[in-house]
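Novice: I am attaching a structure below and will ask some questions about it afterwards.
The values are calculated or read from the model by the stated rules, or taken from the named source; none is laboratory data. Small disclaimer: the values here were computed from a predicted structure and weren't measured. Counting neighbours? That spans all protein chains shown, and the Cβs are built from the backbone with ideal geometry, glycine included. Just so you know, the surface numbers come from the protein's heavy atoms only, side chains and all, with ligands and any DNA or RNA stripped out. Shrake-Rupley method; radii C 1.70, N 1.55, O 1.52, S 1.80 Å.
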Amino acid sequence: MSFSRTSNAVRADSADALSMEELAAAIDIGRPDAFVQLGTAFLTRLPAVPVPDPYLVAVSADAAQRLGIDPALAREPAFAEFFAGNPTRDWPADQLPYATVYSGHQFGVWAGQLGDGRAIGLGEVEHNGERFELQLKGAGRTPYSRMGDGRAVLRSSIREFLCSEAMHHLGIPTTRALCVIGSDLPIRRETIETSAIVTRVSPSFVRFGHFEHFYSNDRVDELKALADHVIDRFYPQCREADDPYLALLSEVTLRTADLMADWQAVGFCHGVMNTDNMSILGLAIDYGPFGFMDGFNAHHVCNHSDTQGRYSYSRQPQVGYWNLFCLAQALVPLFGAQYPEEGRAERVIEDAQRVLEGFKTRFAPALESKMRAKLGLAETREGDDKLANALLEAMHANRADFTLTFRNLAKLSKTDASNDAPVRDLFLDRAAFDAWANDYRARLSHETQSDEARAAAMNRVNPKYVLRNHLAEQAIRQAREKDFSEVERLLRVLTHPFDEQPEFESYAGLPPDWASDLEVSCSS
Ligand code: AMP
Ligand code: MG
């Protein structure tokens, strides 16, 4: 077994088995350009709080390999101990993990200071020229825990783990998850549950809320240090611009717009799009009460606690824009250094508004092009957006299954209705579907590619397998009985969401009746 920060090879069969000490040593916390070097205004260094008798619930072999870790190492008890945050030795002071401070707007209201209330950073791993920060979520209380216990329950940890990896394999930018470690330590939520720790993996965990924190406290030096860190590490091209901080806002705006288009195109609802849950890298982050829609409802609210429907499916792009507005506000003190004092304030506001407008000019075409691909339209024609919207309207009216409708659309023939049934049967109002299918066929007649080529292209963008709530629920129910095989199986299925996997056909089906009253809340 081998773990190396520099070699490409992941050798599972090697005799020189890598010890956990070597893995621990490869996690570097002291890089001069690491977030942790920003210092005490940004974070508190502290150990994880140990849990009793940790055990492996799940590991992502793909994430492990990306980090240069042999997945077989996960079977060793020392792996579970390590990623539970149980120290195998006293942490030397300079190796102590860290919890970072941020603030944010929650449900549209300024919430003040928040911070990593149950997550700690371990440091970074470099492999194949990529650097990733590792973070333990659920590893105990921190100075930012407020009333919380610093823990996460098994249920929500499995959901976050599976969704992170599923998103990645859908090709959507996201933080990733290496493993879930469980412990029978009891955790009080609505009922007593058991605890778990997810190891999250990301180039950076910086959120919009980190910027809002220093802005709201009038700490411009720290605000600038944070922005410089993000630019130097992740957006070095911004240094070329007249105003590097405005350029940063622009980059984040474009990435966020792309992310919103990605979510809309797979029927994903995040559930808690607070500004502290928005990544400065445009990644999906903080999976709580998320959901992939089954029957399409444009106004679906996946978070049971979101009584106003602020974060409904149809509002996500708008909320992404609103959150960017908060980020822009926080960056204002850094903007416009190139302007003379006289008139600077006005010019800065104009600049920021112009950059934020970039969200709209990016998002709409990004989603249109995704929808065109989902419909299998290789060429661009006037009216394509209307055709896509008409389908979504009919799906909404019929609560047609989001994933199956698009996936099965690939089966339609462009000449006749003989193969319509797999989609048509998802619509209660068959006539409404037939009317749309007529228009669709008319549009397809302008396409030069064959039905086969179109179907193949559609199957590369319309997933067959998504993390439906009932699938996650089944895996969680078994995991509570200490049977983790379903989590593993589901991860395997979701690792290839666009492939036909005949042995897993049932994972692509409509949710069963028992799943109709599943509810997901903020409690995690
Ligand atoms: P979330 O809704 O998970 O994004 O969390 C919002 C804020 O509450 C963040 O500052 C979290 O760290 C904190 N938080 C959530 N749950 C807990 C918990 N059980 N213990 C401590 N802090 C928590
Ligand atoms: Mg959060």
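Novice: Give segment 279-312 a look and list any residue that's open to solvent by less than 10 Å² (accessible area, probe 1.4 Å), within 15 Å of ligand 1 (Cβ to nearest atom) and among the aliphatic types (A, V, I, L, M), or say none.
Specialist: Listed by number, the residues that qualify are ALA284, ILE285.
Novice: Kindly indicate whether any position in segment 277-295 is closer than 19 Å to MET167 by Cβ, at pLDDT 95 or above, part of a helix (DSSP H, G or I) and not hydroxyl-bearing (Ser, Thr, Tyr).
Specialist: Within segment 277-295, one or more residues are closer than 19 Å to MET167 by Cβ, at pLDDT 95 or above, part of a helix (DSSP H, G or I) and not hydroxyl-bearing (Ser, Thr, Tyr).
Novice: Select, from VAL51, VAL57, VAL36, the only residue that is assigned to a strand (DSSP E or B) and of a type in the set (Val, Ile, Thr).
Specialist: VAL57
Novice: As an exercise: evaluate ILE476 against (1) in a loop (DSSP other than H, G, I, E, B); (2) under 18 Å from SER60 (Cα atoms); (3) in contact with a helix residue (DSSP H, G or I) (Cβ under 7 Å, 6 or more places away or on another chain) and give the number of the one condition it does not meet.
Specialist: Every listed condition holds for ILE476 apart from (1).
Novice: Against the condition more than 10 Å from ligand 1 (Cβ to nearest atom), at pLDDT 95 or above and either open to solvent by 10 Å² or more (accessible area, probe 1.4 Å) or more than 19 Å from SER204 (Cα to Cα) (or both), how does LEU134 come out, does it pass?
Specialist: no
Novice: While we're on this one: If I ask for residues that are of a type outside the set (Lys, Arg) and under 11 Å from ILE197 (Cα atoms), which ones from segment 138-176 would you list?
Specialist: Scanning segment 138-176 gives GLY138, ALA139, GLY140, GLY150, ALA152, VAL153, LEU154, SER156, SER157, ILE158, GLU160, PHE161.
Novice: Could you tell me whether segment 328-335 includes any residue that is outside the structural domain of THR175 (by the TED database), open to solvent by less than 10 Å² (accessible area, probe 1.4 Å) and within 16 Å of ligand 2 (Cβ to nearest atom)?
Specialist: No, there is no match, as no residue in segment 328-335 is outside the structural domain of THR175 (by the TED database), open to solvent by less than 10 Å² (accessible area, probe 1.4 Å) and within 16 Å of ligand 2 (Cβ to nearest atom).
Novice: Let me ask you something else. Does ASP70 fit the bill of being open to solvent by 40 Å² or more (accessible area, probe 1.4 Å) and either in the same structural domain as ARG176 (by the TED database) or closer than 30 Å to ASN323 by Cβ (or both)?
Specialist: So ASP70 does not fit the description; no.
Novice: Sort out which residues of segment 411-430 are open to solvent by less than 70 Å² (accessible area, probe 1.4 Å) and outside any loop (DSSP other than H, G, I, E, B), and write them in order of number.
Specialist: ALA421, PRO422, VAL423
Novice: Could you grab me the full set of residues in segment 28-47 that are surrounded by 19 or more Cβ atoms within 10 Å (Cβ to Cβ) and modelled with pLDDT under 95?
Specialist: Listed by number, the list holds a single entry, ILE29.
Novice: Check ALA64 against each of (1) assigned to a helix (DSSP H, G or I); (2) among the aliphatic types (A, V, I, L, M); (3) out of contact with any Leu (no Cβ under 8 Å at 6 or more places or on another chain) and name the one condition it does not meet.
Specialist: In the conditions (1) assigned to a helix (DSSP H, G or I); (2) among the aliphatic types (A, V, I, L, M); (3) out of contact with any Leu (no Cβ under 8 Å at 6 or more places or on another chain), ALA64 misses (3) alone.
Novice: Just to be sure I understand, how many residues within segment 206-263 are more than 21 Å from VAL348 (Cα to Cα), outside any helix (DSSP H, G or I) and among the aliphatic types (A, V, I, L, M)?
Specialist: 1
Novice: Residues in segment 339-348: is at least one outside the structural domain of GLY320 (by the TED database) and at positive phi?
Specialist: If we filter segment 339-348 for residues that are outside the structural domain of GLY320 (by the TED database), which is where we start, we get none.
For segment 339-348, residues outside the structural domain of GLY320 (by the TED database) and at positive phi: absent.
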